[in-house]
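Here's the structure we're looking at; comments come further down.
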Amino acid sequence: MENILHFVFGIFGNAFALFLFLAPLITFKRIIKKRSTEQFSGIPYVMTLLNCLLSAWYGLPFVSPNNLLVSTINGTGAAIESVYVLIYLIFAPKKEKGKIFGLLTLVLTLFAIVAFVSIFALHGNTRKLFCGIAATIFSIIMYGSPLTIIRLVIKTKSVEFMPFFLSLFAFLCGTSWFIFGLLGKDPFVAVPNGFGCGLGTVQLILYAIYSNNKGQTTKATPDESLEMQKSDNPSKNVEQV
């Protein structure tokens, strides 16, 4: 029975994570239409790509058994995030393009190092521990990204810039993978997603408190406007998964 539940929550986690990975399509439709990245930041997409690569690697059978569903969704996420990064590089201004390309090179190098070391220098539980710690660190970073939006909601007392379904799927995704990790007795899946579940809960509570104020926020300052544009990134609520 426990194995069946483990599989079921893995399927749920895959479904909810896919919704989160696809959420930035609205942002990139706007970028393509305007042929400009405007003030949107490309950093979250590159960091989410690294998280997906590391998590997909961790889920492979020769690294950690019984986590193939983790590899499946994160492999898909890595492909989706790669498309986002490519589009961003095409339409970004020259200076921003150079910064994102440099970060992308660093991310791919870091992933290559983790993969190389885990294959040729580590074995068994040591390999799982090494890859699990790397994946956990960047999963927590990805899930922690919405803290900027949470601060903005509290400051403005408005959820105008925190979409309900984005918060809902962040909560559902984090919760599903948290339970999946618990059932599989895998702290490297349970810990970061438990963190994501908690942050998703906070977002939903804030939405319930300030939902009546949606669209009634006062005019934002230039700094706040810039911050909000840079925060318009669903991958960061899973991320951001």
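The values are calculated or read from the model by the stated rules, or taken from the named source; none is laboratory data. Remember, predicted model here, so these are calculated numbers, not experimental data. Note: ideal-geometry Cβ built from the backbone for every residue, glycine included; neighbour counts use all protein chains shown. The accessibility values were calculated without ligands, DNA or RNA, using every heavy atom of the protein model including side chains. Shrake-Rupley method; radii C 1.70, N 1.55, O 1.52, S 1.80 Å.
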**Request:** Kindly list, by first and then second residue, each pair from a residue in region 79-106 that is more than 15 Å from Pro44 (Cβ to Cβ) to a residue that is surrounded by fewer than 16 Cβ atoms within 10 Å (Cβ to Cβ) and of a type in the set (Gly, Ala, Ser), limited to pairs with Cβ atoms under 6 Å and residues at least 6 apart or on different chains.
**Result:** Phe91/Ser36
**Prompt:** Of the residues that make up region 68-77, is at least one in contact with a Pro (Cβ under 8 Å, 6 or more places away or on another chain) and open to solvent by 60 Å² or more (accessible area, probe 1.4 Å)?
**Reply:** yes
**Asked** When you scan region 1-78 for helices (runs of 4 or more DSSP H) that lie fully inside it, which ones turn up with 3 or more residues that are of a type outside the set (A, V, I, L, M), modelled with pLDDT under 85 and over 21 Å from Leu168 (Cβ atoms)?
**Response** 2-22
**Asked** Any chance region 108-131 includes a residue that's out of contact with any helix residue (DSSP H, G or I) (no Cβ under 6 Å at 6 or more places or on another chain) and crowded, with 18+ Cβ neighbours inside 10 Å?
**Response** yes
**Asked** Name the residues in region 148-200 that are open to solvent by 50 Å² or more (accessible area, probe 1.4 Å), over 27 Å from Phe130 (Cα atoms) and among the β-branched types (Val, Ile, Thr), would you?
**Response** Ile154
**Asked** Based on what the data block shows, is Leu53 crowded, with 16+ Cβ neighbours inside 10 Å and aliphatic (A, V, I, L, M)?
**Response** yes
